[in-house]
1. Would you mind finding the one in R124, R120, R104, R110 that is open to solvent by 60 Å² or more (accessible area, probe 1.4 Å) and over 19 Å from the mean Cα position of the chain (by Cα)?
2. Scan the stretch 78-97 and tell me whether some residue there is assigned to a loop (DSSP other than H, G, I, E, B), in contact with a Leu (Cβ under 7 Å, 6 or more places away or on another chain) and closer than 16 Å to V13 by Cβ.
3. Which of (1) open to solvent by less than 100 Å² (accessible area, probe 1.4 Å); (2) out of contact with any helix residue (DSSP H, G or I) (no Cβ under 8 Å at 6 or more places or on another chain) does H143 not meet, given it meets every other one?
4. Within the stretch 57-101, can you find the residues that are among the aromatic types (F, W, Y) and either over 22 Å from W5 (Cα atoms) or open to solvent by 40 Å² or more (accessible area, probe 1.4 Å) (or both)?
5. In this structure, does A42 turn out to be free of Cβ contacts under 8 Å to residues at least 12 places away in the same chain and farther than 30 Å from A123 by Cβ?
6. Of the residues in the stretch 29-56, how many are exposed (fewer than 13 other Cβ atoms within 10 Å of the Cβ) and outside any helix (DSSP H, G or I)?
7. Taking the stretch 34-63 on its own, how many of its residues are closer than 23 Å to I85 by Cβ and charged (D, E, K, R)?
8. Checking L75 against (1) outside any loop (DSSP other than H, G, I, E, B); (2) free of Cβ contacts under 8 Å to residues at least 60 places away in the same chain; (3) closer than 24 Å to A111 by Cα: exactly one of these is not met. Which one?
Amino acid sequence: LRASWSADLPIDVATCYGSLPAGFDPAATRLYRLNECRGAAARLRLMREMAARPYSHVGIVCSAEPILARWKWMLALRLPAKVFIINENGDFFWVDRSHLSSVRRFAVARAGLAGMGAVRTPARLIALPFTLAALALYAAAVHARRLTRLAVWRVFGSPWRPDNPDRAA
């Protein structure tokens, strides 16, 4: 970012890690440790503190992991700044109407709907209710069999009781 815009650009980092990521100058970077914000009051206090700062841009690192996803999007929506997304390759694009096709392609790729995922993901979504129905029917059959067996045992006695005359020795 500093290479693209300015070498003395101040950058604030909101992270779940305890220290600054590699490559950030501690003198020019403010660190917000999101793990220290336990509870609604602490989160609100952090949001107010960040909203009071004069941000012009908010960058969100969107790698393949959903780490801090709620925090990222909450900051993007609540801070009055222009938002850009940074992918795992270090490329970035702006989140606005003129870059809507990039945002759409990015969302499609992250949702698993690009390439072979365009067939596989909808097929899994279609198969899900049938899979759940089959599992529910199996569970119902197993429980019905057990209840039937218990009812028979209550009436006729258990075949494993030592005093059962039909029990083979």
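The values are calculated or read from the model by the stated rules, or taken from the named source; none is laboratory data. The shown structure was predicted, so the numbers you read here are calculated from the model rather than taken from an experiment. Cβ coordinates were reconstructed from backbone atoms using ideal geometry, including for glycine residues, and neighbour counts include every protein chain displayed. We work out accessible area using only protein heavy atoms, side chains counted, and drop any ligands, DNA or RNA first. Shrake-Rupley method; radii C 1.70, N 1.55, O 1.52, S 1.80 Å.
1. R120
2. The answer is no, given that none of the residues of the stretch 78-97 is assigned to a loop (DSSP other than H, G, I, E, B), in contact with a Leu (Cβ under 7 Å, 6 or more places away or on another chain) and closer than 16 Å to V13 by Cβ.
3. The single condition H143 does not satisfy is (1).
4. Scanning the stretch 57-101 gives W71, W73, F92, W94.
5. Against the criterion (free of Cβ contacts under 8 Å to residues at least 12 places away in the same chain and farther than 30 Å from A123 by Cβ), A42 qualifies.
6. 5
7. Result for the stretch 34-63: 2.
8. It fails just one condition, (2).
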